[in-house]
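Participant: The structure follows.
The values are calculated or read from the model by the stated rules, or taken from the named source; none is laboratory data. Computed from a predicted model, the values in this text were never measured in an experiment. Glycine gets a Cβ as well: all are built from the backbone with ideal geometry, and neighbour counts include every protein chain shown. The protein model used for the area step is the full one, side chains on, heavy atoms only, and it has no ligands, DNA or RNA in it. Shrake-Rupley method; radii C 1.70, N 1.55, O 1.52, S 1.80 Å.
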Amino acid sequence: MSQVFVFLAAQPVLLLFVVIGVGSAVGHIKVRGVGLGAAAVLLLSIGVAAWSASYGTHLEIPEEIGTLGLALFTFCVGLVSGATFFSSLRRSLGPILAVAGVLVASAVLAVGTGSVLHLDKAVVAGSWAGAVTNTPALAAARDAAGDATGPTIGYAVTYLFGVVGMLIAVSVALRHRDKDADAPPTLVSRTVRVEVADRPRIQDLKELHGERIKFSRVRHGETSPIRPADATDLLLLDDLVTVVGPSDEIDAVTRELGHASSHRLEADRMYLDVRRITVSAEHAAGRTVAELDLVGRFGATVSRVRRGDVDMVATDDLQIQLGDRVRVIAPRERMAEVSKWFGDSSRGLSDIMPVVLGLGMTVGILLGAIPFPVAGGEFKIGSAFGTLLVGLVLGRIGRIGPVVTAMPYTAAQAMSELGLLIFLAQAGSRAGAQIGAAFTSGEWLRILVLGVVVTSFVSTGLYVVMRRVFQVGGTRLSGIMGGAQTQPAILAFANGRTQYDARVALGYALVYPAAMITKIVVGRILGGL
């Protein structure tokens, strides 16, 4: 076996893909419906590196490869989440501050527990960084303490339970996710017979319902042709109109206008046709539904947008992205023209947008290298945090002049998963190489107890505060837990359990920046005690 380890030590790229392949296979194994997913790559990498160290062979994937993987992962998470992150930020300040509060409280607990266990303060600082699985916090603690050995030993001993403990907490959070109050509503389509005589305007009705509904078709009278509904249309007595939206909103609109009709305008294809079209043309991406002006161009409208596995109402302010599948209603004779204008190519699902990827990653990595002064020293936010911020901004902007700044959802998910697997393999090999030395220390058991206390406090605190105080659903909470732990393995596990529910990535991106900053600052403070 020693010769195998020596060979792999000389072939880091081969080692990377062996760990990814075997670890992913292990991650697919499920016990009572639960599997580790991508987190198995991290655990296998730790085990293999520790095993090789017992033979005197240092088996570690180069740090630069891990940095690339993590930066790629966070950049793509930012692109996917950017469109909804900033709108959610305004109403999510409470949960963000709560995450920071739980982390600070866990640091206070770590100092107290470390004192009881008679651990050196530098070891406590590193143990806390490992329990919350944050390498930049370890670096800050080492710099402040002027000691590289003590914090590193503490970090290596507590890191593994920092991952496993939070995985257990996420499993608990996802146990009742089917009952999430914040689950995306099921969209329905209904034809309504107008029975009011006050001639309501479609735009006014949309605004009354907070732009959560879409009027897709309208027919004035019994013999008039069916045509796409326009915001300026007035609904007359006995008109038929098709409304799309969440079921509770559709019920309310039905009561306001009249009653549900036995006629279904969407079933009548004499005048209008309906088709799902893939957005692959760059001129259509990065624009809102209103900016597309489909009524003016083709006499057409979009009723729904499918992004990934989620259907959304095509409200006027919804930004269209490459790879979206739009449900278009248009005159039969113009449907081919509409399809050509949107592109309707599978390339729209897989284009990685190399210009956006290259320049976005460049700016993010440079941003991460800028030193910021703090507490008599300085710290850098790192390439992961920098690329996440740039990704969020680009995902929100959508377009700069003729350049689309977002990436197709499917392509971004694939790139983020690849980057995540690369990072987990490298991070595990690094921790595994250190863990042998850590366990030769007579303090390892006390350090492990400290790590279990901190990780358990953070996971329990997040669960109780988010569920009881902010009524966050289990699906979104799993992403928040991964972001608060700044641990991609947690996100990968939650994504696997929820089939990449968009709420997981949104929860992760929402709290990740605040958690990262808090951990770096707290790590420096603990190291300087």
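Participant: Would you work out the relative contact order for segment 297-422, in percent, from Cα pairs under 8 angstrom that are 6 or more residues apart?
Facilitator: It comes to 25 percent, rounded to a whole number.
Participant: Here's something else I'd like to know. Percent of alpha carbon pairs in segment 262-376 separated by more than 19 Å?
Facilitator: So the portion of pairs separated by more than 19 Å is 54 percent.
Participant: Report the calculated FRET efficiency for V403 and S2 (r = Cβ-Cβ distance, R0 = 35 Å), to the nearest 0.05.
Facilitator: That pair, V403 with S2, gives E of 0.05.
Participant: Please arrange W51, W128, W341, W444 by accessible surface area, largest first, computed with a 1.4 Å probe and ligands excluded.
Facilitator: These residues rank, largest area first, as W51, W444, W341, W128.
Participant: Let me ask you something else. Please compute P(r) over all alpha-carbon pairs of segment 101-240, binned at 5 Å starting from zero, and give each bin as a whole-number percent.
Facilitator: Calculated over all Cα pairs of segment 101-240, the distribution is 2, 8, 12, 13, 8, 5, 4, 5, 5, 5, 6, 7, 7, 6, 5, 3, 1, 0 percent.
Participant: Now for a different question. Going by alpha carbons, how many degrees (0 to 90, nearest 10) lie between the helix axis of 121-131 and the longest principal axis of the chain?
Facilitator: The angle comes out near 40 degrees.
Participant: I've got another one for you. Let me see the P(r) profile for segment 175-278: every Cα-Cα distance counted, bins of 5 Å, each bin given as a percent of all pairs.
Facilitator: Result, from short to long distances: 2, 12, 23, 24, 17, 10, 6, 4, 2, 1, 0 percent.
Participant: Related question: How long are the three semi-axes of the equivalent ellipsoid of segment 466-522, in whole Å, if each is the root of 5 times an eigenvalue of the C-alpha gyration tensor, listed from largest down?
Facilitator: Its equivalent ellipsoid spans semi-axes of 19, 14, 8 Å.
Participant: Now for a separate question. Given contacts defined as C-alpha pairs under 8 Å and at least six residues apart, what's the relative contact order of the chain, whole-number percent?
Facilitator: 28 percent
Participant: Here's something else I'd like to know. Name all residues of segment 290-306 having a backbone nitrogen under 18 Å from the label point set 7 Å from the Cα of Q203 along its Cα→Cβ direction, giving them as ranges.
Facilitator: 290-297, 299-302
Participant: Further question on the same structure: What percentages, rounded to whole numbers, describe P(r) for segment 1-156 computed over all alpha carbon pairs with 10 Å bin width beginning at zero?
Facilitator: Percent of pairs per bin, in order: 9, 24, 32, 28, 7, 1.
Participant: Pulled fully out, how much extra length does the chain show between V164 and R468, if you take 0.36 nm times their separation in residues and subtract their Cα-Cα distance? Working shown, then result.
Facilitator: On the way: separation 304, 0.36 × 304 = 109.44 nm, distance 2.37 nm.
Gain on stretching V164 to R468: 107.1 nm.
Participant: Also: Here are a few candidate values for Cα Rg over 2.2 N^0.38 Å: (1) 1.79; (2) 1.02; (3) 1.11. Which one was actually calculated from the structure I just gave you?
Facilitator: Derived directly from the coordinates: (3).
Participant: Measuring with a 1.4 Å probe in the full set of protein chains, what accessible area per residue, in whole Å², belongs to the chain?
Facilitator: Each residue of the chain exposes 42 Å² on average to a 1.4 Å probe.
Participant: At 0.36 nm per residue, minus the direct Cα-Cα distance, what do R287 and V274 gain on full extension? Give it in nm, one decimal, please.
Facilitator: In short, 2.5 nm is gained.
Participant: Between Rg and the Kirkwood Rh of segment 60-128, both from Cα atoms, what is the Rg to Rh ratio?
Facilitator: With Rg and the Kirkwood Rh in hand, the quotient comes to 1.16.
Participant: Return a single number: how many Lys pairs in the chain, at a sequence separation of 8 or more or on separate chains, have alpha-carbon atoms below 28 angstrom apart.
Facilitator: 7
Participant: Calculate the translational D of segment 394-529 in whole µm² s⁻¹ from Stokes-Einstein, where the hydrodynamic radius comes from the Kirkwood formula applied to all Cα pairs, the temperature is 37 °C and the viscosity 0.692 mPa s. Kindly include the intermediate steps, with their values, before the conclusion.
Facilitator: Numbers: Rh = 17.4 Å.
It diffuses with D of about 188 µm²/s by this estimate.
Participant: Once amide H atoms are built 1.01 Å from N in the peptide plane, which residues 5 or more positions from R227, or in another chain, come under 5 Å H to H?
Facilitator: Amide H neighbours of R227: V218.
Participant: On the accessible surface of the chain, probed at 1.4 Å, how many percent belong to carbon and sulfur atoms?
Facilitator: With neighbouring chains kept in place, the figure for the chain is 61 percent.
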